[in-house]
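S.K.: Below you will find the structure I want to go over with you.
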Amino acid sequence: MKTIKTQAELSKSTGAFKRLLHYHKPYTHYFVLITALSALRAYLFTLEPLYTAQVIDKVVVGKAYDLLPTLILYILFAVAAFAVVTFVITYLHGYVSQLMIRDLRSDYYASL
């Protein structure tokens with residue numbers, strides 16, 4: 001068991017990482033957009049529990065039943081916006097990965 005190497009050498013791994021980083025560089029603006037959308041998604045994720053807490057505190061406990069339709073609409077909008085942003089992030093990840101694969105393949109075939 002001790003003769004089997006399970007870990008790659010750090011220098012080889014770093015070199016491969018640097019070579020692959022070359023294919024990420026042209027799409028930096030997509031990664032910035034994905035990061036900004038991820039921050040927006042995190043914010044939207046916090047809204048649903050906040051509005052649910054308001055339903056419990058103001059409607060159930062405070063008996064302000066006139067606030068219920070508005071809070072339910074806020075919850076629906078927050079969940080729908082979260083779903084849309086999640087879809088856009090997933091789509092952008094797939095799109096950028098296909099672009100990078102295209103570039104990698106083109107370089108590979110050009111080297112042959």
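S.K.: Per residue of region 63-68, in order, report the coupling 6.51 cos²θ - 1.76 cosθ + 1.60 (Karplus, θ = phi - 60°) as ³J(HN,Hα) in whole Hz, putting x for Gly and Pro.
M.R.: 6, 9, 5, 5, 7, 4
S.K.: Under a Cβ-only charge scheme (Lys and Arg +1, Asp and Glu -1), can you give me the dipole magnitude of the chain about the Cα centre, in debye to the nearest 20?
M.R.: About 620 debye.
S.K.: Determine the calculated [θ] at 222 nm for the chain from helices alone, applying -39500 (n - 2.57) to every DSSP H run no shorter than 4 residues and normalising by the residue count; nearest 500 deg cm²/dmol.
M.R.: -27500 deg cm²/dmol
S.K.: Now a separate question. Report the dimensions of region 8-112 along its three principal axes from the alpha-carbon atoms, largest first, rounded to Å.
M.R.: 73, 28, 19
S.K.: For region 29-35, in order, what is each residue's ³J(HN,Hα) by Karplus, 6.51 cos²θ - 1.76 cosθ + 1.60 with θ = phi - 60°, in whole Hz (x at glycine and Pro)?
M.R.: Calculated HN-Hα couplings, in order: 4, 5, 5, 5, 5, 4, 5 Hz.
S.K.: Would you mind getting me the FRET efficiency between Y23 and V84? Use the beta-carbon distance for r and R0 = 22 Å, nearest 0.05.
M.R.: Computed FRET efficiency for Y23 and V84 comes out at 0.15.
S.K.: For the chain, with the dipole built from +1 on Lys and Arg beta-carbon atoms and -1 on Asp and Glu ones, taken about the Cα centre, which of V59, F31, T14 lies farthest toward the positive end?
M.R.: T14
Computed from the coordinates by the stated procedures, all read-outs in this text should not be read as laboratory data. Not measured: the values here are computed from a predicted model. Methodologically, a virtual Cβ is constructed for each residue, glycine included, from the backbone with ideal geometry; neighbour enumeration extends over all protein chains shown.
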